[in-house]
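Have a look at the structure below, then the notes.
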């Protein structure tokens, strides 16, 4: 028997359907128009990347409209304003502002950030509508984009990959899900998911130099007091979203492991800090997404501890594989997200209330997070008092690494070469000459006459006379004390160079770094 | 109870709406399997694409470089000694005597008590011409330098300029290695290299002896100023050897004018002694250049004139020539 269904709803006109696409269309147009901004138009690949992103979004909308033309249906939004989104976004933006003040490429990047945010909104809308869901309109995409860009962005010539990376993050959020506490939720933190995936791809394809990741990682410390700044803004996030146990446990674990290694080996584990600034940023803003971290206090603590251990281990593993170690903080987050249900199950198995409430005693009432914050503030204060945050660190000192290398302490010679490479890259002629000498002598690195020659050539170009002498006499590896300009570049302790520092202050600082000749000069100047 | 009913009713309403909405679409909304497949495909595509692009970029670079093939004799002149001239061993007079040369500068004086000095040099070879753009581009091409195309685009016969002291020395080092390994290297040069000589920049004495010979002349062509034998006070650089100079010492070209020629000597007061590497540590990083350029007037193109620049200077009036020297 045939039945005829009668649609009793009022008929939708096509114009109404098209009208519901106003926002994605406007954003797509805005992305296209943004491509004509001078910052973007200056690089044709970058401009085409924006055009390509607009074209993909436009095609997607076209496809949807063609189908909706036959059977009109409205595409709508539901309001989803959550504090965790806009507070995170504001905190992240403040980091951009502060860091960018001391490293201008960040400000130049704002145009590209804006484009990515618009792309993320449009992509999210179309994805939700394609899945026949209403789009949750709020601030959600902004912290995802900000968080991604705080760790990795592609060079202009490869910027289309940035859009692909965002797309992967959103697809992961939409499709890679599991049931948690009876609800379908995404497994991975969207930014950490795409960052983790792309870090793997970059490492596997040997294309790590296509991004700004190394610069991002190393320039955070150009902003004075960056640890204190991150700590302060981290407190805001901790206060609102009770993630103190995650961040605090991660920081304490890393600090503890680093301190233990330093005590046993005699040299710092990380090059010039107990916790690298970018990792410190990550443990405040990358692993603290409440949706993808455990919910119980003990679970949060375990999660933080695992992040600390993960970063610590990956740093060595990546170094051992000869890959850039800066990806340590990114690669372990997706693995941690995967462990969340396991952590929750493990915690549920614990029957002891004393253990379960170890960090959450009843007498604290609802103030447990504040108490955790007080502990974290005390720990950070203790770290700062020990000079392990923004102050001078032993690893900043070249003579420290020279002495450690001479004493054959673990990794010290490799670190010495690494530190000198950094300073040579900064145009410190002395460091270039030292590198040349190492490669010519072949004592702490494999002998390489051509590489040695190229370092001496660079030193000579920088008017370091020993470098020129070594160019002319290939049997020698002459050394000399650093020039004043070299000291201004090598004593920056991760911050800005000391171009304007008065000479007496400069030599006093050099003396504090164990440059013996500087102590003599400093003393002579004082007499 | 009523509330429960209402909720159930609402839920039914939503379900009905979903069903109607589903009917409104004539495509199936993508499920998780499709979504994950799409996402993983995107990731896989990215990995393959980046790997391919990375390889492709390297290939393109190599292809660009391959466009300027390395020349068999390294673009050196096609004479029996590939452009090198032998300067016999022996003494010559170095520095200036203001009584004979009114244009002499103070830094050309030999010592507080002596105006000029005698310097003994072993035999060496010096380039008849300044090093050209063609020769330098040939070197850059062979070493896969990103600057190869830049120099290859310049007039190949002009002297190469705007290169720093380390770049000049790097070229000399490269040519030294080529001459030692090439089967075509002229025997005389090969023997000199095997006997301990090397290709480098001339030191001040080697340059000055080659310029003024052993008869104490002021200019490469003799004692009198002239603009017939050199590119002096001109408008631009000229191809090397543009001014033929029959009377010039050892038949060398452009020892006066055209481009200044950088040496491997640091600027120190006379008397001249070949500096040991260690001695260089105690002096300023200024390196002597000789011969003047097309922009200079006659007083600056005398054989004894000593200019100096720091090693990073890249100047369009400063070039170089090579020696094969055992010092």
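None of the figures in this text is laboratory data; all of them are computed from the coordinates on show. Fair warning: this is a prediction, and the values are worked out from it, not measured in the lab. All Cβ positions, glycine included, derive from the backbone under ideal geometry; neighbour counts span all protein chains shown.
Shown for B:187, A:244, A:205: other C-beta atoms within 10 Å of each C-beta, ranked fewest to most, produce the order B:187, A:205, A:244. Shape analysis of chain B places it in the prolate category; the axes a ≥ b ≥ c from the Cα gyration tensor give an a/c of at least 1.5, with a/b above b/c. Every helix of 4 or more DSSP H residues in the protein assembly as shown counts as -39500 (n - 2.57), and over all residues that averages to -17000 deg cm²/dmol at 222 nm. Look at the stretch B:280-287: the mean tally of other chain Cβ atoms within 10 Å of its residues' Cβ atoms is 5.
To the nearest ten degrees, helix A:368-385 and the longest principal axis of the Cα atoms of chain A are 20 degrees apart.
When you count the other C-beta atoms within 10 angstrom of each residue and take the mean per peptide, A:127-140, A:184-197, A:254-267 line up highest first as A:184-197, A:127-140, A:254-267. In terms of surrounding Cβ atoms within a 10 Å radius of their Cβ, B:129, B:84 rank from fewest to most as B:129, B:84.
Treating the angle as unsigned and between 0 and 90°, give the value, to the nearest 10°, between the Cα long axis of helix A:328-338 and the longest Cα principal axis of chain A. Tilt relative to chain A: about 30 degrees.
Taking all Cα pairs closer than 8 Å and separated by 6 or more residues, the relative contact order of the range A:225-373 comes to 29 percent.
Take each residue of peptide A:162-170, count the partner chain Cβ atoms within 10 Å of its Cβ, and average: the result is 2. Using a ≥ b ≥ c from the Cα gyration tensor of the range A:173-385 (square roots of the eigenvalues), is it rounded, prolate or oblate, where a/c under 1.5 gives rounded and otherwise the larger of a/b and b/c decides, a/b for prolate? Oblate is the answer for the range A:173-385, as a/c is 1.5 or above yet b/c matches or exceeds a/b. Computed from the C-beta positions of residue B:143 and residue A:102 and an R0 of 35 Å, the FRET efficiency is 0.40 to the nearest 0.05.
Extents of the protein assembly as shown, largest first, come to 124, 68, 44 Å (Cα atoms, principal axes, whole angstrom). The mean count of C-beta atoms from other chains within 10 Å of the C-beta of residues in A:175-181, rounded to a whole number, is 3. Compactness of the range A:219-280 is given as radius of gyration and Dmax, 13.0, 40 Å, from Cα positions. Summary of packing: across the peptides A:410-420, A:18-28, A:325-335, the per-residue average of other C-beta atoms within 10 Å ranks them, highest first, as A:325-335, A:410-420, A:18-28. Expressed to the nearest 5 percent, the antiparallel share of DSSP beta bridges inside chain A is 55 percent. Against the main long axis of the alpha-carbon atoms of chain B, helix B:32-66 sits at an angle near 10°. For the range A:11-147, the square roots of the Cα gyration tensor eigenvalues, ordered a ≥ b ≥ c, give a/c of at least 1.5 with a/b no greater than b/c, which places it in the oblate category. Taking the alpha-carbon centroid of each part, what is the distance from the range A:21-93 to the range A:460-480 in angstrom? With the range A:21-93 and the range A:460-480 each reduced to a Cα centre, they are spaced 56 Å.
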